[in-house]
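The values are calculated or read from the model by the stated rules, or taken from the named source; none is laboratory data. As the structure is a prediction and not an experimental result, all values here were calculated from the model. Please note: Cβ atoms are built from the backbone with ideal geometry, for glycine as well, and neighbour counts cover all protein chains shown.
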């Protein structure tokens with residue numbers, strides 16, 4: 001039979017019962033939360049920001065070694081939240097709940113940036129557009145080709161993934177871009193694709209494909225404002241480079 005304790009914290013045998021000690025990482029969590037609240041996100045390195053995100057998903061384990069393992073495996077905060085759920089759960093300590101928490105952060109960031117892009121004329125909020133495209137595509141392991149269709153005031157009608165390809169090639173069909181632009185009654189477009197290699201420099205094939213799309217859109221009086229390549233290493237605007 002289990003021994004009872006009295007209200008003074010002693011067992012029937014007269015031995016003091018000590019309260020269960022909290023694991024050491026509880027104090028660390030409190031300090032990390034305080035630093036975040038007082039110093040903001042810039043006060044935390046990538047792995048500590050990941051720790052903070054994992055607190056709720058992994059309540060009974062020290063998340064510091066897990067966060068450091070994520071950075072070691074993927075390289076940066078952006079790379080971690082952009083990784084696939086399968087790759088995330090390959091890390092010891094990351095289960096489905098933690099993977100969902102990390103992917104939700106990526107989705108929230110993309111949603112916020114998309115809202116900013118939709119708020120006004122796209123070409124007058126260029127930095128917001130680049131930030132959105134980078135968050136949406138730069139860390140993809142395969143090439144993706146997207147089209148931003150714009151109305152006559154250059155506001156975003158919709159942003160659609162047109163094609164996905166391999167690690168270094170995406171098949172693009174100008175007639176499909178034109179067809180969709182006409183369906184949406186678009187007046188202009190911006191095309192975007194990513195380079196998984198990390199180098200945003202356009203290839204000769206990229207330049208030729210852009211010319212074909214521009215010419216095809218021009219036939220139906222739709223303007224191609226720009227073609228942007230995004231990658232981990234930055235971005236390139238064809239218009240800024242005089243390629244369009």
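Picking from 120, 78, which residue would you name as being assigned by TED's automatic domain parsing to the domain that holds residue 44 and either surrounded by fewer than 18 Cβ atoms within 10 Å (Cβ to Cβ) or not in a helix (DSSP H, G or I) (or both)?
78
Conditions tested, residue by residue: (1) outside the structural domain of residue 233 (by TED's automatic domain parsing); (2) at pLDDT below 90; (3) surrounded by fewer than 16 Cβ atoms within 10 Å (Cβ to Cβ); (4) over 18 Å from the mean Cα position of the chain (by Cα).
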{"position": "45", "(1), (2), (3), (4)": "yes, no, yes, no"}
{"position": "51", "(1), (2), (3), (4)": "yes, no, no, no"}
{"position": "67", "(1), (2), (3), (4)": "yes, no, no, no"}
{"position": "85", "(1), (2), (3), (4)": "yes, no, yes, no"}
{"position": "91", "(1), (2), (3), (4)": "yes, no, no, yes"}
{"position": "98", "(1), (2), (3), (4)": "yes, no, no, no"}
{"position": "103", "(1), (2), (3), (4)": "yes, no, no, no"}
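Residue-by-condition table, conditions (1) within 17 Å of residue 117 (Cβ to Cβ); (2) more than 20 Å from the chain's Cα centre (by Cα):
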site	(1), (2)
140	no, no
146	yes, no
150	yes, yes
177	no, yes
183	no, yes
192	yes, no
197	no, no
212	no, yes
235	yes, no
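Exactly one of (1) assigned to a helix (DSSP H, G or I); (2) loosely packed, with under 15 Cβ neighbours inside 10 Å is unmet by residue 60. Its number?
(1)
Residues to consider are 56, 82, 76; find the one that is out of contact with any strand residue (DSSP E or B) (no Cβ under 8 Å at 6 or more places or on another chain), closer than 26 Å to residue 234 by Cα and touching a residue at least 40 places away in the same chain (Cβ under 8 Å).
82
Hey, can you tell me all the residues within the range 222-243 that are exposed (fewer than 14 other Cβ atoms within 10 Å of the Cβ) and either in a helix (DSSP H, G or I) or without any contact (Cβ under 8 Å) to a residue 24 or more places away in the chain (or both)?
240, 242
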